[in-house]
1. Express the carbon and sulfur contribution to the solvent-accessible surface of the stretch 22-87 as a percent, rounded to the nearest whole number, probe 1.4 angstrom.
2. Taking a probe of 1.4 Å, how large is the accessible area per residue of the chain, in Å²?
3. Find out how many positive minus negative residues lie around L22, taking Lys and Arg as positive, Asp and Glu as negative, among other residues whose Cβ is under 9 Å from that of L22.
4. Taking only C-alpha pairs under 8 Å that are 6+ residues apart, what is the relative contact order of the stretch 138-272 in percent?
5. On C-alpha positions alone, give me the angle between the axis of helix 266-284 and the longest principal axis of the chain, in degrees, nearest 10.
6. Find how many whole Å separate the alpha carbon centroid of the stretch 218-234 from the alpha carbon centroid of the stretch 185-207.
7. Among G270, Y194, Q142, whose Cα sits farthest toward the positive end of the charge dipole of the stretch 96-293 (+1 at Cβ of Lys/Arg, -1 at Cβ of Asp/Glu, about the Cα centre)?
8. Cβ under 14 Å from T107's Cβ, T107 left aside: what net charge do those residues give with Lys, Arg +1 and Asp, Glu -1?
Amino acid sequence: MLKSPEHQVAGHRAQDGQLGPLVDGCGIFYKPLQGDGRGDAEVAFYTSLFSHPAVPPHILSFFPGFHGTLVLPASDASGPRPHLALDDLLAGLRSPSLIDLKIGGRTWPPDCPEDYFQKCIVKDRESTSVALGFRVSGVQIQDPAGADAFWRPSRAAVRRYMVEDVRRVLRQFVSANPPSPDQKPDCALASAVYGGPDGVLAQLMELKAWFEEQTLFHFYSASVLLVYEKDAAVAAAGQQAGKSSGVRMKLVDFAHVMEGQGVIDHNFLGGLCSLIKFMSDVLNDPEAGGRESIKVQLSCEDGSLENLGI
């Protein structure tokens, strides 16, 4: 039985008569093909990626599994519509913490329509895309109060995030204490989630090594999606033998991938390097967040980061 993804933090949602993705509860995520060629472009990218002999098998693991397309009833009741069939990246997780990070200082592809260019350049300049090479598109963090309790900023709040806000959220994402205006993130889970041989930083470094060489694709407006459950991370942080945080890191959203034409994708690579630097700061100096982020605090009402005027 198809339903809207419960833990979706970015993109269009299949609710209130809107067109959006669906999941079947059996491990497959169905994404409706977008109009004006974007859906076809995403299908073409997945087809090329999983059939290209120059793409190493270990790199394919950073992308959702691709199962072709399937015509399904659209969530907006507009009738049958082709959908991408992909791995459900949250399958099997009851209480996932996740963050969607859009990579690149520039999110618009060459030769895009003028109206799309104008929309993208405004978002890039008003967010941290230009300043940092990436921005937060959405975030959900499990609250220690209970498995079904989450801190989830509104999209309006996330769109207002500036550099210090992003720094704070990346620390809160790996903290055991709940978001609070009265205490800074404790970063207690940083070593388990960001560090370690299978942590986010190790995976990002492996991906970075490929982007330093690959000239097949240029990625515009694609995201890094990070997912983990706090129970597994707490166990890993406690250094229990054989324990893994189980963090999942995938690249998602490929409606604007272009042919690389033999040129390195410096836009995406630069964003990856910036993200690696920010996460390394969390891992190497977790106490720094209290000094560098003194001018912001988390609002538990809507997830915004409020200027304290200090």
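1. 62
2. Value for the chain: 45 Å² per residue.
3. +1
4. Averaging sequence separation for qualifying contacts and normalising by length gives 21 percent for the stretch 138-272.
5. For 266-284 against the chain, the angle is about 20 degrees.
6. When both Cα centres are located, 11 Å separates them.
7. Of the listed residues, the answer is Q142.
8. Computed value for this residue: +3.
The values are calculated or read from the model by the stated rules, or taken from the named source; none is laboratory data. Computed from a prediction, not measured in an experiment: that's the story for all the values here. Quick reminder, even Gly has a Cβ in these numbers, built from the backbone with ideal geometry, and neighbours come from all protein chains shown. Accessible surface is based on the protein model in full, side chains and every heavy atom, while ligands, DNA and RNA are left aside. Shrake-Rupley method; radii C 1.70, N 1.55, O 1.52, S 1.80 Å.
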